[in-house]
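Q: Structure provided below as structure tokens; questions to follow.
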Amino acid sequence: MKTIKVIGFLMLLLAANLTFAQDELQITAKDSIVQSSWIFGVGFNAVDDSGNVFDGLFNVGDEWNMVPFPSRVSIGRYFKNGLGIEAIGTYNKYKEGNIIDAVINPVDINYYGIDGRITYDLNKIIGQTGWFDPYVGVGAGYSDANNLGRGTYNAVVGFRTWFSDRWGLDFNSTGKWAMSQGDGASNHIQHAAGVVYQFGIEKGLSKRGEEKLELLAAIEKEKQRQTDSITEVNRLKDEALLAERLEKERKEAVLAAAEKAKLDALNKRKEEIRSRIENLGYVYFDLNSSTIKGKSKTILDSLSVIMKEIPTLKLKINSHTDSRGASTYNDWLSQRRVDKTNEYLLSKGISDDKLITEAYGERLLLNECDDNTYCSEEKHAVNRRSEFEIIEF
């Protein structure tokens, strides 16, 4: 049973990954849509009252009647269930020379219409898009067309497309059937296009947002189930699992202790090497000399032994002079000293790639004995040296 639950949870996660591969699994502004609002619209309308219904439906020049200014106003309330109630007022003018009720219209005739309708948002069936809202509707109204007033039964099909939560465009076509055919009243079609503005907005989650919310709730529920299961295991303290865990921890502790001991030994070894090199001391030179003599040779011999013992050891040789003499001369002299020190170690079988050198002249004195300070020979001698800096172990 537990295995089945785990498989079910993995399938749930897989479904989440496939459904929301392009989006992070969280509720965002994109998942929020307008569910109810008031909509106010202003636009244009065109009336086709030619009398031939669908024949010549797009014969705009001869059969459509329009005025060159906004001629339609509407106000409506739209609800969460997809239904909307709307009131519409229109003005138009039948143009002289257009076909009206199957005859040529002899003079301009004013057209007035006032209508009420109930619409249904088709997105409730096909799924919310957030920016495209097709709709259908029915209604009734009163039209004064061709100087004949008549009540009408209306049917409408249209769509709105939204630029933002508040602003959009509305396009629709309405068929109007006269309630009574007396006095020659006929049926006609009215097209409309305009700008719409939403206010009194109430927002909610789209279908996709609701799916995300359900999936997040399911994942959270599964996480809680797992947490509760782990808590229960801990509470019951299953002896077999506990023994296995303790044994694993014991082995890990042994390995950790061994690793620490190894690291401590390595650090100790490194410190011993550093101490051995430092304890050898410096290679000292006589005044104005770069010759390596007795004790200095002994130091370099011991250093070469250490370097052979530790093949990975790399050193930097730094050579110096005291402050007496010209600085350019002292630069040259310290270069001679560092070269001689390096050559001696090479002669002892030390590889050239294990040594680097640098000459400092009189720039790095170890005491106060500069050009402006009188010092004894013993103090000056302290500065005439080659010293060793560990680069790598």
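The values are calculated or read from the model by the stated rules, or taken from the named source; none is laboratory data. Note that this is a predicted model, so its numbers are computed, not measured. When we count neighbours, we look across all protein chains shown, and the Cβ atoms used for this are built from the backbone with ideal geometry, even at glycine.
Q: So how many residues does the range 105-114 have that are surrounded by 16 or more Cβ atoms within 10 Å (Cβ to Cβ) and without any contact (Cβ under 8 Å) to a residue 60 or more places away in the chain?
A: Quick first cut of the range 105-114, residues surrounded by 16 or more Cβ atoms within 10 Å (Cβ to Cβ) only: 105, 109, 111, 113.
After this cut, where a residue has to be without any contact (Cβ under 8 Å) to a residue 60 or more places away in the chain as well, the list is 105, 109.
So the answer is 2.
Q: Name the one entry in Thr312, Thr341 that is surrounded by 12 or more Cβ atoms within 10 Å (Cβ to Cβ) and either under 21 Å from Leu280 (Cβ atoms) or not assigned by TED's automatic domain parsing to the domain that holds Thr291 (or both).
A: Thr341
Q: Starting from residues that are surrounded by fewer than 16 Cβ atoms within 10 Å (Cβ to Cβ) and either of a type in the set (S, T, N, Q) or not assigned by TED's automatic domain parsing to the domain that holds Ser36 (or both), keep the ones in the range 116-172 and report whichever is farthest from the chain's Cα centre (by Cα).
A: Per the stated criteria, the residue is Asn147.
Q: Condition first: of a type in the set (Gly, Ala, Ser), within 60 Å of the chain's Cα centre (by Cα) and outside any loop (DSSP other than H, G, I, E, B). Now tell me which residues in the range 306-349 satisfy that.
A: Ser319, Ser334
Q: Picking from Asn330, Asn318, which residue would you name as being surrounded by 18 or more Cβ atoms within 10 Å (Cβ to Cβ), touching a Gly at 6+ places or on another chain (Cβ under 7 Å) and within 30 Å of Asn372 (Cβ to Cβ)?
A: Sole residue among the options that is surrounded by 18 or more Cβ atoms within 10 Å (Cβ to Cβ), touching a Gly at 6+ places or on another chain (Cβ under 7 Å) and within 30 Å of Asn372 (Cβ to Cβ): Asn330.
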